[in-house]
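Trainee: Dropping the structure in here first, questions after.
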2 protein chains.
Amino acid sequence: MSTAGLARTRVRRADIVAAALELFADKGYLATTMDDIGRAVNVRGPSLYKHVTSKQDLLVEIMESSMATVLRDHAVAVGSTDDVADQLRRAVEAHVRFHARHRLEAFVGTRELRHLSDGNRAAMAARRRDYERGFRVLVERGVAEDRFRVGSVRLTTYSLLDMGVGVSVWFREGEEFSVDEVAYRYGDLAMRLVGAA
Amino acid sequence: MSTAGLARTRVRRADIVAAALELFADKGYLATTMDDIGRAVNVRGPSLYKHVTSKQDLLVEIMESSMATVLRDHAVAVGSTDDVADQLRRAVEAHVRFHARHRLEAFVGTRELRHLSDGNRAAMAARRRDYERGFRVLVERGVAEDRFRVGSVRLTTYSLLDMGVGVSVWFREGEEFSVDEVAYRYGDLAMRLVGAA
DNA sequence: CGGGCTGGCTAGTCACTGTTAGCCTCGGAT
DNA sequence: ATCCGAGGCTAACAGTGACTAGCCAGCCCG
């Protein structure tokens, strides 16, 4: 069948990206060599260039697809209801779910931003700011609608976001908490932080 | 005076460490070269070895002194009262104050842990775990004494810590908030998180 | 059956970087 | 005046690592 060749190629490339992700998360982008990545997929370093144009490309691919995922999840969460408190709760749950389920992507996404080439980093940073603005806007609306009571919108928003980001550092699948449990509990914590009525 | 030579040496060394700190924070440990550090103190890279035994040494010095600072501040905060809620509040304030005032050290401390040599990393990680345990113990005691009401001690503790760590990422001296304001407000947020009575 | 693309391999290039070696200067103490 | 050590400099070494060049095997197509 004519799809076999193509199919195999596709799989390989995905394997490479997956291996790169694990290594970037574990050792960091700069400390990871193309040979390391090759070894992880049973190939010599230089062979990778038959599938990928550069090491930087791997990083870009990882960060972009990961960013696309969070943004999509966030939009779904916020769009699923009109109640600000529910929106914030669901947004936080999505945020945490992402940082737990895709902890490596999330981890690499925050840690390796600076090793993106200038153009890529700027684009990425902009999308990240948009994402954060989404949360700030929710908190602001909650306050305006008298549903939340916060000392500072900005600090509260940072707290919400940073709590969730932290999940990607300690979370491990199959330990004490499931993804859903963590998401749910962080949703509660978020409601406390904003003093939800 | 015989101290002049010594004094100058000491100052220089401190300058080197300061420059290294800034560069490590900005570009990352691996991406920073000895020439970079040298340039920052108007000296060629190799000359640094008259003051420092290795690049790794610079990282170790930064991380150790920084860790010593947090641990000391934490001990003072917890020792300054007997009331669990006050203890936790002050511990969080100290935590946040540290991450704001010493944001570069804090930032490097969390980001570059993996580039410490094995022995140093293990020692550092252990002290970090102790520090975290200090918070968990406070939350546990608060719950036991019926002063706090939390869904999960572990998750709540992580949240408290990660919120504070996040401060080192966005905080800038002389902008909207002073160190004290941030510390105070995060203390409030912490009280909300633990559902302090 | 045979040609050629796909994708692997080895060898090599080039740039870089931590660190050492060895030299020279200058300021302070004798 | 002179000595000397602290500390700067350049040159060089050794290792690394991204990426390229060029070769070859095997599989799919005709």
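The values are calculated or read from the model by the stated rules, or taken from the named source; none is laboratory data. What you see is a predicted model; the values in this text were computed from it and never measured. Here the Cβ is made from the backbone with ideal geometry for all residues, glycine too, and neighbour counts use every protein chain on show.
Trainee: Could you tell me which of the residues B:A126, B:A144 is surrounded by fewer than 17 Cβ atoms within 10 Å (Cβ to Cβ), more than 12 Å from chain A (Cβ to nearest Cβ) and either under 21 Å from the mean Cα position of the chain (by Cα) or modelled with pLDDT under 95 (or both)? Before you say what the answer is, go through the steps one by one.
Mentor: Details: B:A144 fails: either under 21 Å from the mean Cα position of the chain (by Cα) or modelled with pLDDT under 95 (or both).
Exactly one of B:A126, B:A144 is surrounded by fewer than 17 Cβ atoms within 10 Å (Cβ to Cβ), more than 12 Å from chain A (Cβ to nearest Cβ) and either under 21 Å from the mean Cα position of the chain (by Cα) or modelled with pLDDT under 95 (or both), namely B:A126.
Trainee: Let me ask something else. Would you mind finding the one in B:L58, B:L23 that is out of contact with any Cys (no Cβ under 8 Å at 6 or more places or on another chain) and in the same structural domain as B:S178 (by TED's automatic domain parsing)?
Mentor: Working: B:L23 fails: in the same structural domain as B:S178 (by TED's automatic domain parsing).
The conditions single out B:L58.
Trainee: Here is a further query. Within the bounds of the range B:153-162, is there any residue that is at pLDDT below 95, under 20 Å from A:A190 (Cα atoms), more than 7 Å from chain A (Cβ to nearest Cβ) and more than 19 Å from the chain's Cα centre (by Cα)? Step through it out loud before you land on a result.
Mentor: Let us first name the residues in the range B:153-162 that are at pLDDT below 95, namely none.
No: zero hits.
Trainee: Follow-up. Scan the range A:60-83 and tell me whether some residue there is more than 30 Å from A:F148 (Cβ to Cβ), within 11 Å of DNA strand D (Cβ to nearest atom), more than 14 Å from chain B (Cβ to nearest Cβ) and touching a Ser or Thr at 6+ places or on another chain (Cβ under 9 Å). Show your work before the answer.
Mentor: First pass over the range A:60-83, keeping only residues more than 30 Å from A:F148 (Cβ to Cβ): A:60-65.
Then drop every residue that is not within 11 Å of DNA strand D (Cβ to nearest atom), which leaves none.
Scanning the range A:60-83, I find no residue that is more than 30 Å from A:F148 (Cβ to Cβ), within 11 Å of DNA strand D (Cβ to nearest atom), more than 14 Å from chain B (Cβ to nearest Cβ) and touching a Ser or Thr at 6+ places or on another chain (Cβ under 9 Å), so the answer is no.
Trainee: Can you find a residue in the range A:107-117 that is more than 14 Å from chain B (Cβ to nearest Cβ) and either without any contact (Cβ under 8 Å) to a residue 12 or more places away in the chain or of a type outside the set (A, V, I, L, M) (or both)? Spell out how you get there, then give the answer.
Mentor: Filtering the range A:107-117 for residues more than 14 Å from chain B (Cβ to nearest Cβ) gives none.
Taking every residue of the range A:107-117 in turn, none turns out to be more than 14 Å from chain B (Cβ to nearest Cβ) and either without any contact (Cβ under 8 Å) to a residue 12 or more places away in the chain or of a type outside the set (A, V, I, L, M) (or both).
Trainee: Regarding B:A18, is this residue modelled with pLDDT of 95 or more, away from chain A (no Cβ under 14 Å), more than 11 Å from DNA strand C (Cβ to nearest atom) and more than 30 Å from A:T110 (Cβ to Cβ)?
Mentor: Working: modelled with pLDDT of 95 or more: yes; away from chain A (no Cβ under 14 Å): yes; more than 11 Å from DNA strand C (Cβ to nearest atom): yes; more than 30 Å from A:T110 (Cβ to Cβ): no.
Answer is no for this residue.
Trainee: Something else: Checking the structure you have, find out if any residue of the range B:55-77 is farther than 27 Å from B:D180 by Cβ, within 11 Å of DNA strand C (Cβ to nearest atom) and over 21 Å from the mean Cα position of the chain (by Cα).
Mentor: Just the residues of the range B:55-77 that are farther than 27 Å from B:D180 by Cβ, to begin with: B:55-61.
Now restrict to residues that are within 11 Å of DNA strand C (Cβ to nearest atom): B:55-59.
Applying the additional criterion that residues be over 21 Å from the mean Cα position of the chain (by Cα) yields none.
Taking every residue of the range B:55-77 in turn, none turns out to be farther than 27 Å from B:D180 by Cβ, within 11 Å of DNA strand C (Cβ to nearest atom) and over 21 Å from the mean Cα position of the chain (by Cα).
Trainee: Still on this structure, I have one more. Which members of the range B:161-183 meet the condition of being in contact with a His (Cβ under 8 Å, 6 or more places away or on another chain) and either over 21 Å from B:A106 (Cβ atoms) or in a loop (DSSP other than H, G, I, E, B) (or both)?
Mentor: Once the filter is applied, which keeps residues that are in contact with a His (Cβ under 8 Å, 6 or more places away or on another chain) and either over 21 Å from B:A106 (Cβ atoms) or in a loop (DSSP other than H, G, I, E, B) (or both), the range B:161-183 yields only B:F171.
Trainee: A further question follows. Has the range B:42-53 got any residue that is surrounded by 15 or more Cβ atoms within 10 Å (Cβ to Cβ) and within 14 Å of chain A (Cβ to nearest Cβ)?
Mentor: The answer is no, given that none of the residues of the range B:42-53 is surrounded by 15 or more Cβ atoms within 10 Å (Cβ to Cβ) and within 14 Å of chain A (Cβ to nearest Cβ).
Trainee: Name the residue, out of A:V92, A:V78, that is buried (at least 23 other Cβ atoms within 10 Å of the Cβ) and closer than 16 Å to A:G187 by Cα.
Mentor: After ruling out the rest, the residue left standing is A:V92.
Trainee: Sticking with this structure for a sec: I'm trying to understand the selection: among the residues of the range B:21-37, which are surrounded by 18 or more Cβ atoms within 10 Å (Cβ to Cβ) and either away from chain A (no Cβ under 14 Å) or more than 8 Å from DNA strand C (Cβ to nearest atom) (or both)? Before the answer, list the steps.
Mentor: First, pick out the residues of the range B:21-37 that are surrounded by 18 or more Cβ atoms within 10 Å (Cβ to Cβ): B:21, B:23-25, B:28-29, B:32, B:34, B:37.
Result: B:L21, B:L23, B:F24, B:A25, B:G28, B:Y29, B:M34, B:I37.
Trainee: Out of B:Y186, B:Y158, which single residue is of a type outside the set (A, V, I, L, M, F, W, C), in a helix (DSSP H, G or I), in contact (Cβ under 8 Å) with a residue 24 or more places away in the chain and crowded, with 22+ Cβ neighbours inside 10 Å? Even if it seems obvious, please write down each step before you answer.
Mentor: Working: B:Y158 fails: in contact (Cβ under 8 Å) with a residue 24 or more places away in the chain.
Exactly one of B:Y186, B:Y158 is of a type outside the set (A, V, I, L, M, F, W, C), in a helix (DSSP H, G or I), in contact (Cβ under 8 Å) with a residue 24 or more places away in the chain and crowded, with 22+ Cβ neighbours inside 10 Å, namely B:Y186.
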